[in-house]
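The values are calculated or read from the model by the stated rules, or taken from the named source; none is laboratory data. What you see is a predicted model; the values in this text were computed from it and never measured. Quick reminder, even Gly has a Cβ in these numbers, built from the backbone with ideal geometry, and neighbours come from all protein chains shown. The protein model used for the area step is the full one, side chains on, heavy atoms only, and it has no ligands, DNA or RNA in it. Shrake-Rupley method; radii C 1.70, N 1.55, O 1.52, S 1.80 Å.
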Amino acid sequence: MRTLGIDLETYSSEDIRRSGLYRYVQSPDFEILLFAYRYDGGPVQIVDLKQGETLPHQVVLDLKDPQVAKTAFNAAFEYYCLSRYYVTPLEQWHCSMVHAWYCGYAGGLDAVGKAMQFPEDRRKMAEGKALVRYFCSPCAPTKRNGGRTRNLPGHAPEKWQLFKEYCIQDVVAEREIGRRLEPYPVPEQEHRLWVADQEISIRGVALDMELVDGALAVSAHMTEELSGQARDITGLDNPNSVAQLKQWVRENADVEIDSLNKQTVAELLEADGAAPDVRRVLEIRQELAKTSVKKYGAMEAAVCRDGRVRGLLQFYGGQRTGRWAGRLVQVQNLPRNHTGSLDTARELVKKKKVEALRTIYGNVPDTLSQLIRTAFVPAPGFRFAVADFSAIEARVLAWLAGEEWRLEVFRTHGRIYEASASAMFGVPEEQIRKGNPEYALRAKGKIAELALGYQGAAGALVQMGALQMGLAEGDLPDIVRRWRAANRRIQDFWYAVERHAADCTEHGTRSVLPCGVAFSRDRERMEVRLPSGRSLYYVNPRLVPDGRGLKQVWYMGLGQKSHKWEPVQTYGGKLTENIVQAVARDCLASAILGLREAGYRICFHIHDEVVLEIPEGGSQSLEEAVGIMCRTPPWAAGLPLAADGFTGDYYRKE
């Protein structure tokens, strides 16, 4: 099979960072400016479409030829742009960005090139980004540029020629990435999943724009009202200024603070003795800082002309696990619903009834936050069917580690919090019921389950909210000890994973755990082969002694805080988390492909949950969808999957 590598330069008045790919391309003024391409390892050619050149007839034919694989870095972009003008079947496309991410890299073409240590001229790279801004986006009209709102090739011929050279260079870089990664092919199953993912992105999901418009209006009203209250109390010109407000809090609360982030504000509000004015200002700060309300603005910016928002998820965006990452509206961190009268709240927001919202619900920003999920609605004639896995990570962890008593719980009643408390404290499970004194142990079982599965200790319990649940800090080490004692096989699994990774890193030893997870390495990376056949890759692994003289596994990756390509340390618990979340992701992937094959329309999905549009009065049903999700993949014999769900006229969290 021949390969046709492609890179495009395009123009649209939409800002792709805010609007996303699909609204960007659907803009009436969208156009493809340059089309650079190469066949296999041949020379790169460029077609200047903006200046009247046309694609060679053979290239047009090859865009739809199944014997010619089309590749691009972030192929979703090139595919969707070209599909507006040419016939080019999606399944014939392959994404070299996904290939790079699959092999342990992260980021865009520049970032991957740096990680692979491509030669780089930093000045020219910066100049290239400037050229993209110059030709691919609208410009501000000025007296100097004659009042124009767009830069064309004739306005700067030398820049245009340089722009063409950069477009050519992108094809060269994409080809080099593909060449280096040839020994680590993306499995065919992952390509099928990428195609399904693109179909989901293109389909998108409808938005209740009446609710979105109402929420934005109510939010603007509340912002002005709360800001006015803060100005009256503090006397500040701009109480939304962090620098000004920090100084005011220092002077009026007699405390030293470095920031006014969410955690600091919460801690100050929990402290005793704060003056009423200080407390109220901090409460206002807390209400104004609700980032979830900003999602309504993201919806407005990204919604397409048909009322649907597209491109909410990034395939393989999770570097270490291959899970999807959120984009635009960031559906993976939507607030939960707590209020029981969502219908009433939605209607009041649509009608912009601020006082009624305040009277019924009290905290208006919090109510808007809770309603953000409900802005996602099915198309006319459809209902949502929302199905999600039950405790998927806990099930996968027990299955991989062979923790049989936990597997039996999941095969039967599934009440893992009660079962865990029973195992930890030696109390019969049937006694851990509401109304019994032993029921208090359930909270300890729950927090242990949420925090300790990946080698967490007392600190992990605190981060998970143990102190807010009323647990005493002095009791936390005992909870850790009891949970680990009740889960010996999981504890052994952490240490086995770390030992196998270390041996593999130092000696190149190939080894396989009883669950089928296999470790191997070559000169460039460590491979962790999952039961599904997919692999996780760790680039340039090595052992580094710690302060105690013990050797720790390090590799090159994207730092969680710095977001830079740098050395990253790992250990048994963290590797276990990677493996468990990757296997859980593969279970969701299997469900997505199964639902697609059965004809279900997937609008989007979140970690362990799928949101489907099912026709009203049709043969499709929530029960059938749940049944498909619960089918154990062929590679996961013995893994007890369970799922549940609901139907409705808008999305929510049950």
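Here are the numbers:
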quantity	calculated
Two-site label geometry, T54 and V354: point separation in nm, points 7 Å out along Cα→Cβ	5.9
Rounded to whole Hz, the Karplus (6.51, -1.76, 1.60) HN-Hα couplings of segment 611-622, x for glycine and proline	10, 10, 9, 10, x, 5, x, x, 7, 6, 8, 4
Accessible-area composition of segment 477-570, carbon plus sulfur, in percent [1.4 Å probe]	48
Compactness relative to 2.2 N^0.38 Å, alpha carbon Rg of the chain	1.06
Protection proxy ranking, peptides 393-404, 40-51, 106-117, 360-371, average beta carbon neighbours within 10 Å, highest first	393-404, 360-371, 106-117, 40-51
Accessible area of the chain divided out per residue, in Å², using a probe of 1.4 angstrom	46
21 Å Cα-Cα reach of K434 towards lysines, excluding residues that sit fewer than 8 places from it in its own chain	K444, K446
Inter-label distance for H563 and S341, nm, one decimal - labels placed 7 Å from Cα along Cα-to-Cβ	4.1
Radius 15 Å from Cβ of G178, net charge of other residues (Lys, Arg +1; Asp, Glu -1)	-1
With every protein chain in place, segment 1-57: carbon and sulfur % of accessible area (1.4 Å)	46
Cα centroid separation - segment 204-251 against segment 123-175, whole Å	38
Under Karplus coefficients 6.51, -1.76 and 1.60, residue-wise ³J(HN,Hα) of segment 133-150 in Hz, glycine/proline x	4, 5, 9, 9, 10, x, 10, 6, x, 9, 5, 5, 9, x, x, 6, 10, 8
Burial order of peptide ranges 375-388, 467-480 (average beta-carbon count within 10 Å, highest first)	375-388, 467-480
Apportionment of accessible area to carbon and sulfur, segment 168-271, percent (1.4 Å)	47
Per-peptide average of other Cβ atoms within 10 Å, ordering 191-198, 433-440 highest first	191-198, 433-440
Residue-wise HN-Hα coupling along segment 581-590, computed from phi with Karplus coefficients 6.51, -1.76, 1.60 (Hz; x: Gly, Pro)	5, 5, 5, 4, 4, 5, 5, 5, 4, 4
Contour minus Cα-Cα distance for E624 and R150 (0.36 nm per residue)	165.4 nm
